[in-house]
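Asks: A single structure is presented below for examination.
The values are calculated or read from the model by the stated rules, or taken from the named source; none is laboratory data. Worth saying up front: this structure is predicted, and the values here are computed from it rather than measured. Cβ: placed from backbone, ideal geometry, glycine included. Neighbour counts: every protein chain shown.
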Amino acid sequence: MPPVPAAVLVALTGVLFAPPLLAAEPVELEHDADLEVALLLADPTIAQPIEVKQDERGRLWVVEYRQYPDPAGLTELERDEYWRVRWDRELPPPPYEEGSPFRGRDRISVHSDADGDGTYETHQTFLEGLNLTTSVAFDAGRGGGGVWVLSPPQLLFYPDADGDLVPDGPPEVHLTGFGLEDTHSIANSLTWGPDGWLYGGNGSTCTIAVTAPLATPDAPPVKRSGQLVWRYRPDVGFEVFAEGGGNTFGLEIDAAGHVFSGHNGGDTRGFHFVDGGYYRKNFGKHGDLSNPLALGFFEAIPHPPVARFTHHFVRYDADALPQRFHGNLVALDVLHNDLALTAMRPNGSTFATEDLSRPVRGGEDFRPVDLELAFDGTLLMADWADAVVSHYRNHEGEIEPSTGRIYRVQPKGWTPAPPPDFSNGQLVERLKSPNRAVRRTAVRLIRQRGATELLDDLEPLMHGPAPIAFDAYAAARSVADVNQRRKLDRLALNHNDASVRRLAIATTDLFEPPSGRHSPLANGLVWSGADASVLVALAGRSRRLAPVPARSLVGELSRRRGLADDPYFPLALWWAVERQLSTGDAEAVLAALDRENPLFDEVLAPRILRWAVAQDSSFGRSVVAELLQNAEDAGPLFDALNEAAAGSAERSFGEAVDRRVREAGEAAPLALRVRLGLVEPAAALAELANTTSNARRDALLGVIEDTGDAAFLPGLLDLAAAPGTPARLRSRLFTTLAGFDSPQVASRLLTARPDLDEAANAAIVELLAARPGWTAALLDAIDAGAVDPAAVSALTVQGLRRHADPALRQRLAERWPETPVDPAETEKAFAFWSRRLAVGGRGDAERGAAVYKKHCANCHTLHGVGQLVGPDLTAYQRTKRDQTLLAIVAPSAEIREGFETALLLLEDGSTLTGLLVRQTDETLELKDARGHVRTLRRADVAALEITGTSLMPNRLLDQMTDREARDLFRYLESEPPAPAEPTR
């Protein structure tokens, strides 16, 4: 079945989505009894507010994303399967005069409360005619003062020395090269860090190729694909801080300097980023990590199961709101129209979270998109005020572009207070505020104004508790001279609070001794305390040190015990080791590591081995041989060796390594011995049939797929055709058999079909669609009445049509003529089931669980039950029945990102369908409809197409009775068992 066209979706819009909010309609938000929510600004005064910020004068700055979703003046050349657009040219920087094709509708408006009554009655425009602008940041120093504006592809600085809200001239272009492929993922969220860097985010479906024409005009572009956190300093340049995450659209730096962003997925509130970290991302859609030797990644912050999503949050650090907010997250849940209050607790070097409550709740037209801590401790909240925020719907013109609200979440009985006095004479006092927004503004102003006269008053604050000491150090260091900085750094590195030590680690130059030798100070910090976050910070900083001190520090870190279970330290240590291996004296690095630490055997050695294999050199092979020779337990290293060769036809690792595997005998994994040709096919397959370990089965079959050894084919077919073969093994065997271009596959499996179950028969049909000769045999069986043509799914038929043989294509056309999707039929099916589900009772969730297991659990997971071929439904907004019904009636109407069906045409003429799990420069990983992953060499792939068709079958509800359908929906809409009461 081809993708459902936009016409179908538009026709159903009236059923699925409410009309946009009109400007005159009052908005009432529900909230906890001890809170109030005040409406500060509304359309038509503002529209599409993507960001709200408060400057040092107390004025509200609103970035209005009115031009979204498409840039003015550019022509779309093509839109790929993920809706990423290639434009005809790069967008030039503003200003855009009247009549310019690039003049857009975005603007930056500024709103003042002149009489201090808490309302904003004065409205000015700082900039208009902008073209996809997402963020601002304030600067009181550069050029006498001005505003940073993020308007991808550029980061701009607009001078405004007198602060009259009229730029003093055209902008300076500081960065260029942020991608515009997907405008709900473009660069965003400018945030000053306490270290003096200007941080920002980049979303998941936009690339970057960033240059800094003023800071580093001769440097090559920094290129990445997808989500990351970046930072910029005009005197240093641009760099990537951390890579991976969700669709990063929001950035939070808390009182301790931790960097966070939300996530557009479920079961978490977001990510905690550290310097140099690599994080989970959608590898199939967004590409692999930039470092193929990262060999691991950090996960999102752990959280009990929860529906998606909170793309941005504030960690509340003030005293105006009730005590339950203090130190916890206030997160925007744009899909569920509310705010989540989420407890945060330490989890080693990072955090874990669990929800406490939903303190603010709205209706369908409440769509909070940004949150900002105000100087008075209240929260400023930008509301898109649309019934829908779907990126797809915006492109279909279904979203009202003129709505928007700014709210203030405040304690009950709140009274307005004048904005803080940020004159130089008061800045030290402002650093004592309980409000992080006040303190960080003071830090920024001391740095940007160069207030050196305050240094003597700042140093005493460093002896106090964090967070005051943290911000005092940040401010003092920013205006100190070289000698003063060294003194401040030593104080900070010896502070009793880990946050102060981490900030010093990130900023000090004391780790770079003039002699070029190791740094006793850095090495001493490894043993100065048990805080794992300090060790993670040291590992990150080592990547930016000169080779000798870096190597010494990494060696010292490798001696720390008791951290194998920390969520971050083991991988952070590996990334520090890998950086030195790849850029320095690898032999000296290996000699510096502590091999007696259990962490070496568990974490470092297997990765060092994979690094060594990747070098494809005599030195690399000698490292592998030495590791194997000296290992007490070579098992993990053998596994790593096999993983290093995954996706390749490699059958030797060099004589010394091969000999070590031979000497190990059966102590070496079967898969590795098969790769080296040390086991006869019959013996290997006998062990395959007898083992109950899915991991061992997958490893062996993966090697057979890599090597393509035809000697295994008869035995594989015997196992696949045997009625007693376990279902999962048979299913996995079909994935392996797809790689053998032999007519035996079709003839043997078609003969075996009558003796096998329904699932096996369906899998055989799907397998035989892969190759032209097998497809011809399948069509012969259909013509002979041995196979029911209804057993061939629409998705399989779509794959069959990709075969190049004209005679075969003619037979296919005669058997399954192409027919366009009829929007009327889709509407009719939707209306039919809407009526059926509305009558006959609410359904029974317990019975519905059985229906779910029969029809859905082979691909989906809900409440921990099922498989992960398609999306985990637990985290989805399942209470909106119309949307769920549309997803079942027309599963290809709107496919969740990352679950688009890929169709691969291989060089040998075969075709494969499935979901892209991961892509690298060398390989592709494809998950088939049965959940098995096959690794393919890119060189073997002739073409890759994302079809726009879901793997989910059509007319699924037609297989159920009315009662079963009602029961299924009742179960789909049910909630999981309540988690344990969170710690408050």
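Asks: For THR884, state whether it is of a type in the set (S, T, N, Q), farther than 24 Å from LEU915 by Cβ and not assigned by TED's automatic domain parsing to the domain that holds ASN337.
Replies: No, not satisfied.
Asks: Restricting attention to segment 366-418, which residues are in a loop (DSSP other than H, G, I, E, B), modelled with pLDDT of 90 or more and not small (Gly, Ala, Ser)?
Replies: PHE366, ARG367, PHE375, ASP376, THR378, TRP384, THR403, LYS412, TRP414, THR415, PRO416, PRO418
Asks: Report yes if some residue within segment 57-64 is on the phi < 0 side of the Ramachandran plot, in a strand (DSSP E or B) and out of contact with any Ser or Thr (no Cβ under 7 Å at 6 or more places or on another chain); otherwise report no.
Replies: yes
Asks: Let me ask you something else. Quickly run through segment 450-484 and pick out the residues that are in a loop (DSSP other than H, G, I, E, B) and either in contact (Cβ under 8 Å) with a residue 40 or more places away in the chain or more than 39 Å from the chain's Cα centre (by Cα) (or both).
Replies: GLY450, ALA451, ALA466, PRO467, ASP481
Asks: Those residues that are closer than 23 Å to ARG541 by Cα and in a loop (DSSP other than H, G, I, E, B), I need them from segment 221-244; list them, please.
Replies: Hits for segment 221-244 are PRO221, GLN227, PRO234, ASP235, VAL236, GLY244.
Asks: Another one. Just one of ALA219, ALA212, ALA256 is among the small types (Gly, Ala, Ser) and more than 19 Å from LEU175 (Cα to Cα); which is it?
Replies: ALA256
Asks: Among the residues of segment 44-56, count how many are in a loop (DSSP other than H, G, I, E, B), among the β-branched types (Val, Ile, Thr) and buried (at least 18 other Cβ atoms within 10 Å of the Cβ).
Replies: 1
Asks: Then there is this: Is at least one residue of segment 64-82 under 26 Å from LEU445 (Cβ atoms) and exposed (fewer than 14 other Cβ atoms within 10 Å of the Cβ)?
Replies: no
Asks: Also: One residue is enough: does segment 920-941 have a residue meeting the conditions touching a strand residue (DSSP E or B) at 6+ places or on another chain (Cβ under 7 Å), assigned to a strand (DSSP E or B), buried (at least 22 other Cβ atoms within 10 Å of the Cβ) and at pLDDT below 80?
Replies: no
Asks: Scanning for something assigned to a helix (DSSP H, G or I) and touching a strand residue (DSSP E or B) at 6+ places or on another chain (Cβ under 8 Å), does segment 525-542 turn up at least one residue?
Replies: yes
Asks: Suppose we keep only residues that are hydrophobic (A, V, I, L, M, F, W, C) and crowded, with 23+ Cβ neighbours inside 10 Å within segment 953-968. Which one would you say is nearest to the chain's Cα centre (by Cα)? If you could, list the steps in order and put the result at the bottom.
Replies: As a first pass, look at segment 953-968 and keep what is hydrophobic (A, V, I, L, M, F, W, C): 956-957, 960, 965, 968.
Narrowing the set further to residues that are crowded, with 23+ Cβ neighbours inside 10 Å leaves 965, 968.
Numbers: ALA965: 34, LEU968: 31 Å.
In this case the residue turns out to be LEU968.
Asks: Say whether the condition of being of a type in the set (Lys, Arg) and surrounded by fewer than 22 Cβ atoms within 10 Å (Cβ to Cβ) is met by at least one residue in segment 498-516. Even if it seems obvious, please write down each step before you answer.
Replies: Initially, segment 498-516 is screened for residues of a type in the set (Lys, Arg), giving 501-502.
Filter once more, so that each one left must be surrounded by fewer than 22 Cβ atoms within 10 Å (Cβ to Cβ): none.
Within segment 498-516 (the criterion being of a type in the set (Lys, Arg) and surrounded by fewer than 22 Cβ atoms within 10 Å (Cβ to Cβ)), the answer is no, since none of the residues qualifies.
Asks: Another question about this same structure. Is it the case that some residue within segment 641-651 is assigned to a helix (DSSP H, G or I) and over 30 Å from PRO598 (Cβ atoms)?
Replies: The answer is no, given that none of the residues of segment 641-651 is assigned to a helix (DSSP H, G or I) and over 30 Å from PRO598 (Cβ atoms).
Asks: Here's something else I'd like to know. Out of ALA451, ALA469, ALA442, ALA437, report the one residue that is crowded, with 17+ Cβ neighbours inside 10 Å, within 19 Å of TRP192 (Cα to Cα), modelled with pLDDT of 95 or more and out of contact with any helix residue (DSSP H, G or I) (no Cβ under 6 Å at 6 or more places or on another chain).
Replies: The conditions single out ALA437.
Asks: Tally up the residues in segment 142-201 that are small (Gly, Ala, Ser), surrounded by 23 or more Cβ atoms within 10 Å (Cβ to Cβ) and under 19 Å from GLU243 (Cα atoms), please.
Replies: The number of residues fulfilling the criteria is 6.
Asks: Restricting to segment 780-810, and then to whatever is in contact with an Asp or Glu (Cβ under 9 Å, 6 or more places away or on another chain) and basic (Lys, Arg), can you tell me which residue is modelled with the lowest pLDDT?
Replies: Across segment 780-810, the extreme among qualifying residues is ARG802.
Asks: Within segment 117-138, is there a residue that is outside the structural domain of LEU944 (by TED's automatic domain parsing) and in contact with a helix residue (DSSP H, G or I) (Cβ under 7 Å, 6 or more places away or on another chain)?
Replies: no
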